[in-house]
């Protein structure tokens with residue numbers, strides 16, 4: 001490992017239309033920094049020509065890691081972490097929404113402030129309204145769970161010290177949110193403002209389902225709040241149920257048996273409320289149990305087929 005060396009880790013999944021432009025923009029930036037560097041591109045099971053394009057560029061300063069199938073963006077980043085050896089590791093998306101020209105500013109900020117993690121705040125975001133709303137939700141949850149007051153948790157353009165990267169790799173977590181995990185091992189954290197572009201080509205790989213899954217990863221990987229919430233909700237429902245039952249008994253005695261029949265729909269509504277709360281509780285408990293099950297099996301989060 002070279003402390004002065006910069007490693008750029010880029011997960012790639014079906015980005016054939018923009019990869020040549022990525023190299024056209026990225027390579028001059030890295031050469032212009034006049035220091036040792038490597039570019040680690042992780043093909044996350046692409047089904048288009050992405051791997052062939054990456055292999056054409058593989059060489060002394062460009063390493064291509066081929067995974068056996070699509071494991072997801074964060075698993076691909078971990079594969080890149082393990083394959084990298086730079087003292088500073090920068091993560092970057094392949095879609096060019098985060099311009100490579102910002103990398104020198106990111107590295108300079110880290111070295112000037114002696115930071116362990118430097119995040120970025122996307123200015124003039126070119127995402128859809130839906131993506132911006134989802135990003136605000138992720139940011140708010142991340143700040144609440146981690147206690148770290150960063151503004152933009154969803155931007156892939158980030159820089160990490162080697163020590164933080166090694167700690168993250170050694171943690172061996174199967175499902176996690178990398179920016180939040182990094183704050184567990186870093187004391188000095190900063191953010192800088194960077195530009196943001198439209199995607200050069202293709203479409204975002206984050207569907208609504210994947211964004212919801214990301215929220216669950218963040219919530220269940222770093223907090224036990226859902227389990228505590230179920231406990232509090234259980235106490236509330238128990239007291240509410242007993243109180244409502246006592247009210248119905250008194251009302252039946254006071255108003256007569258005919259009144260109770262008129263409240264049958266209210267009983268159904270209360271029953272459905274309890275059933276819904278129970279299913280919600282079972283679902284949250286199942287999420288935690290599922291994570292325990294995956295950890296106990298100790299299967300790898302990804303499998304590397306070949307390194308070029």
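Counting neighbouring Cβ atoms within 10 Å and putting the fewest first, the residues 253, 26 line up as 253, 26. Judged by the ratio a/c of the largest to the smallest principal axis of the C-alpha gyration tensor, segment 1-151 counts as oblate, that ratio being 1.5 or greater while a/b is no larger than b/c. Modelled spin-label separation between residue 61 and residue 240, with each label point placed 7 Å from Cα along the Cα-to-Cβ direction: 6.2 nm.
If R0 is 30 Å, the Cβ-Cβ spacing of residue 149 and residue 101 corresponds to a FRET efficiency of close to 0.65. Backbone N atoms of segment 1-20 closer than 17 Å to the 7 Å Cα→Cβ label point of residue 85 belong to residues 1-9.
Between residue 136 and residue 279, the C-beta separation translates, for a Förster distance of 25 Å, into a calculated FRET efficiency of about 0.35.
Extending 7 Å from the Cα toward the beta-carbon at both residue 169 and residue 24 defines two label points whose distance is 3.3 nm.
Computed from the coordinates by the stated procedures, all read-outs in this text should not be read as laboratory data. Please read these numbers as outputs of a predicted model, since none were measured by experiment. Please note: Cβ atoms are built from the backbone with ideal geometry, for glycine as well, and neighbour counts cover all protein chains shown.
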